[in-house]
Amino acid sequence: MRILFYSPDADADSWTNSFAEIMPGVELHFWQEGQTMANSPPADYAVVWRPPLAMLQGRTDIKAVFNLGAGVDALLKYGEALPEAPIVRLDDAGMGVQMAEFVSHAVLRYYRRFDEYEEQSKEQLWQVLKPHDKQQFSVGILGLGVLGQRIAQALQQFEFPLLGWSHTMKNVPGVQCFAGRDQLDAFLSQTRVLVCVLPLTAETSNMLGRANLSKLMPGAYLINVARGAHLAEPDLLALIKSGHIAGATLDVFRNEPLPRQHPFWHEPRIRITPHIAALTLFNESIRQIAGKIAALEKGEAISGVVDRVRGY
Ligand code: NAP
Ligand code: GLV
């Protein structure tokens, strides 16, 4: 079994060790700049994260491309230049619990006013703030897929009113579900904390712009753990300045790393993390991919195959 591998800044030793432990006997080939199908060894499968098109273009040997993440926007942007082999995303693989931790922390920080207590502490100010009313602190999750549902499950423990929005209608216990553009306004108008965990597609790009963010409850909060291109950045800054949005926790940006001169760095009501909400875990990911390869080799169906038309 030969696997062609690419991940920018990959720690080759760690990946090699994990593959050797979980898929003994597998031949791992790290793709190098300048290699094509003609001048690189043939491969059965590709395992990739944000690969250059040159790695995959024209390849007819691989039976599937495994994406080392949940989001496939960095692959699907290549459109028809991609090989016809199925593209398979990671299903959770240890990312669900990380997302649940990240989003719970951000929601609790705002709900318990820890952001404001942090500011008070800088001024050595001992002052008790009025607690927020939990019934007015609804959390709306854009995207009720693998990660969105895991976030909802975690937040249920804290008894927040929960709403969720997806493409097709879901039935998630404890979550008021909405689906499609027709129900988006109703979802937004009842949401105090908006969590975005949507895939980036032609339909969802720029969704977090002035028009939609203005429909949130006054004093709303935004938590974006999806992709930077979901957010119209100047609109967020304007809505924070106006007070309609009280704060934002952003893990993803249009340009990553976020440029040093970007105004987000200077807005105290924006909290920035460097795309770490849910990291790809070596062993969990390889174990999942190994299981799916075994199933494919037996001619069985697998989960996580991307619908290229839908875009996720
Ligand atoms: P998923 O299982 O495919 O779920 C996507 C959800 O979005 C589904 O509920 C889907 O609706 C909904 N959706 C998609 N397009 C929609 C539209 N046009 N209108 C309404 N709903 C729409 O994906 P996932 O595994 O939860 O991952 C979600 C995203 O999280 C990834 O694509 C990636 O961008 C991001 N992510 C970020 C990090 C990080 O560290 N920051 C880590 C991992 C993932 P249906 O269920 O009806 O299809
Ligand atoms: C990370 O951003 C992922 O999509 O897995």
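Checked against (1) out of contact with any strand residue (DSSP E or B) (no Cβ under 9 Å at 6 or more places or on another chain); (2) within 22 Å of R269 (Cα to Cα), F102 passes all but a single condition, namely (1).
Whether a residue is within 21 Å of Q190 (Cα to Cα), among the aromatic types (F, W, Y) and modelled with pLDDT of 95 or more was assessed, and Y111 passes this test.
Scanning segment 217-233 for residues that are without any contact (Cβ under 8 Å) to a residue 40 or more places away in the chain and more than 16 Å from ligand 1 (Cβ to nearest atom) turns up P218, G219, A220, A232, E233. With respect to (1) within 16 Å of ligand 1 (Cβ to nearest atom); (2) crowded, with 21+ Cβ neighbours inside 10 Å, the lone exception for L236 is condition (1). Reported count of residues in segment 273-312, each being within 14 Å of ligand 2 (Cβ to nearest atom) and either acidic (D, E) or buried (at least 16 other Cβ atoms within 10 Å of the Cβ) (or both), is 14. Note on segment 281-312: residues that are within 16 Å of L75 (Cβ to Cβ) and either among the basic types (K, R) or in the same structural domain as V103 (by TED's automatic domain parsing) (or both) total 2. Mind checking whether some residue in segment 122-131 is away from ligand 2 (no atom under 15 Å from the Cβ), in a helix (DSSP H, G or I) and on the phi < 0 side of the Ramachandran plot? For segment 122-131, residues away from ligand 2 (no atom under 15 Å from the Cβ), in a helix (DSSP H, G or I) and on the phi < 0 side of the Ramachandran plot: present. Restricting attention to segment 144-200, the residues that are part of a helix (DSSP H, G or I) and aromatic (F, W, Y) total 1. Residues that are crowded, with 17+ Cβ neighbours inside 10 Å number at least 3 in the following strands (runs of 3 or more DSSP E) confined to segment 1-119: 2-6, 45-48, 64-67.
The values are calculated or read from the model by the stated rules, or taken from the named source; none is laboratory data. This structure is a prediction, so every number in the text was calculated from the model and none was measured. We place every Cβ from the backbone using ideal geometry, glycine too, and count neighbours over all the protein chains shown.
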